[in-house]
1. Which of the residues that make up region 259-282 are within 15 Å of P43 (Cα to Cα) and free of Cβ contacts under 8 Å to residues at least 40 places away in the same chain?
2. Looking only at region 109-137, which residues are more than 28 Å from I293 (Cβ to Cβ) and modelled with pLDDT of 70 or more?
3. Can you name the helices (runs of 4 or more DSSP H) wholly within region 254-323 that have at least 2 residues being more than 27 Å from G132 (Cβ to Cβ) and among the aliphatic types (A, V, I, L, M)?
4. Any residue that is of a type in the set (F, W, Y), at pLDDT below 95, over 28 Å from L225 (Cα atoms) and surrounded by fewer than 19 Cβ atoms within 10 Å (Cβ to Cβ) - is there at least one of those in region 279-290?
5. Of all residues in region 250-269, which are more than 18 Å from the chain's Cα centre (by Cα), buried (at least 21 other Cβ atoms within 10 Å of the Cβ) and at pLDDT 95 or above?
6. Against the condition in a helix (DSSP H, G or I), out of contact with any Leu (no Cβ under 6 Å at 6 or more places or on another chain), within 27 Å of L60 (Cα to Cα) and at pLDDT below 90, how does C197 come out, does it pass?
7. Could you pull out every one of the helices (runs of 4 or more DSSP H) wholly within region 1-89 that has 1 or more residues that are at pLDDT 90 or above and either within 26 Å of V151 (Cβ to Cβ) or out of contact with any helix residue (DSSP H, G or I) (no Cβ under 7 Å at 6 or more places or on another chain) (or both)?
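The values are calculated or read from the model by the stated rules, or taken from the named source; none is laboratory data. Quantities reported herein were computed from a predicted structural model and do not represent experimental measurements. Note that we place each Cβ from the backbone using ideal geometry, even for glycine, and neighbour counts take in every protein chain shown.
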Amino acid sequence: MSTLTQNNKKRQIVQSLYLCKALMAFLIVTRHTTFFCKDALLPIISIATPTFFCITGYFLFSDSQERELSKATRWTRKGLLLCIFMNLIYLLHHSVDAAVCGRTYTPAYKVMEGTAFGDSIVGNFIINIFTGISYSYHLWYLSAFWMAMVVFYVLRRFCPVLIYATPLLYAWAHVCHKWGADFFPGATEPVLIVLRCNFFAMALPFICTGYLISKHSKALLRIPLIPLWLILCGAMLYKSGTVLSYLHINTYGWCYHITTYLMVGFILLTCLKFSNARIPFINAIGQHHSANIYYLHILIYMHLNRTGFHTEEVAALIVYLASIPLSIGINRITERWKYLSNTYAPQILSQVWKRG
């Protein structure tokens, strides 16, 4: 296969996954807004975050261990910096918003109640980098992401075979409510949920699952009728989720877990099966804005609720589309910052070095 063919194939696969990411970003927005039929759609909506993790794992795979470790290192650093930045954005937003409303801002969750460090602003912020819940609960994704990348790096470097066992951690989520308090005394229950469920039982297993699918994609794509298996898993997930909801049972049932895991896997395989799937505008959202929509849509929704200018039927769509121009601005500021850093920082350092 020529280099050009390889590049074209890779580009087509990426395009199909970008289309998937745009859809999953909309499902995430739907979960956090008053979208119509939300309760009925929750079983399907729940696949969005695991799919994001799975796609990340897909891009982790490379032909050499050195490249994989380099990616893991780079993404850990990027995830940690983004986690710090976004938590700072939300902290500043909530503090200013509280001041405008004439009150003092108090975090929704104190991550280590009853301790001097956890009760302080700085201490709560630092611990929040590991939990991502005090300023906006959905920021747990970033905390879980960078911590999972650290574990992946360790496994890939020292014991790669254990990567195959990580999906079992997702099954462990069924009993994970029994773990945590002994290791983190004083931690609030939301913090323990983040540490034991979102990191160990979601981020890490799904990232590793995407990695394994990428590694064995040639063999897995020989599975017949992949799209039909996806539909079957989706139907099973929807049915089990609605039954559990009707019985007022938390969605930690075994059937729900298994079908969720299978559906996320078949979503990724379906994307690979139809690698040339592309809708230009939607793909651009998936490529450039899906992550920012994930982090920023709560800010949009908070202010949308205050205006009263929305209906249940269109709230999710308004929030989704309103997040895009904000994401464009952030991307351009980031690009400009990188340009200035790469252009002027070396010159300034060189001059300082010469003077020294």
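1. The answer is T259, L262.
2. The answer is S120, I121, V122, G123.
3. In region 254-323, 254-273, 280-288 are the helices (runs of 4 or more DSSP H) which contain 2 or more residues that are more than 27 Å from G132 (Cβ to Cβ) and among the aliphatic types (A, V, I, L, M).
4. yes
5. F266 - this is the single residue of region 250-269 that is more than 18 Å from the chain's Cα centre (by Cα), buried (at least 21 other Cβ atoms within 10 Å of the Cβ) and at pLDDT 95 or above.
6. Against the criterion (in a helix (DSSP H, G or I), out of contact with any Leu (no Cβ under 6 Å at 6 or more places or on another chain), within 27 Å of L60 (Cα to Cα) and at pLDDT below 90), C197 qualifies.
7. 3-32, 48-60
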